[in-house]
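For reference, the structure discussed in these notes is given below.
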Amino acid sequence: MRRSEFLRAVDAEFGSRGSSLVSDLVLTPLGGRTAEEALDAGVQPRDIWLALCVEAEVPLERRHGAGRLEPRRR
C-alpha cells in the first residue's frame, strides 16, 4: 500500500472526518502516534490503515480498503 492509497482509503471510509482522524487520533498500536506522525516516521501505510480501522471500529468487511476499489482476488 502506498501513501496515496492510504489517503484514498481514509477518504473513502471516513469522508470529511478523515483528515482530522489522520492528524489527531492517537493510535496505540503505533506507539501512541497519530497516523500522520507514523507516516512521517516511515511506518508502512498498510499498518497504519489497519491500526486506524481497529481504533475507529471499522467493520472487518470494509478493512480491505487499502486504497483499492475492491479487495484483491486470491
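The values are calculated or read from the model by the stated rules, or taken from the named source; none is laboratory data. Quick caveat: nothing in here was measured; it's all calculated off a predicted structure. Cβ: placed from backbone, ideal geometry, glycine included. Neighbour counts: every protein chain shown.
Below are the figures for this structure:
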| read-out | value |
| --- | --- |
| Pairs, first on the phi > 0 side of the Ramachandran plot in segment 21-36, second of a type outside the set (K, R) and not in a helix (DSSP H, G or I), C-beta under 9 Å, six or more apart | G31/A41; G31/V43; G32/V26 |
| Complete set of residues in segment 38-52 that are more than 14 Å from R2 (Cα to Cα) and touching a helix residue (DSSP H, G or I) at 6+ places or on another chain (Cβ under 8 Å) | A51, L52 |
| Residue check for E55: at pLDDT below 95 and touching a strand residue (DSSP E or B) at 6+ places or on another chain (Cβ under 7 Å) | yes |
| Subset tally (residues that are crowded, with 18+ Cβ neighbours inside 10 Å and under 11 Å from R46 (Cβ atoms)) for segment 2-20 | 2 |
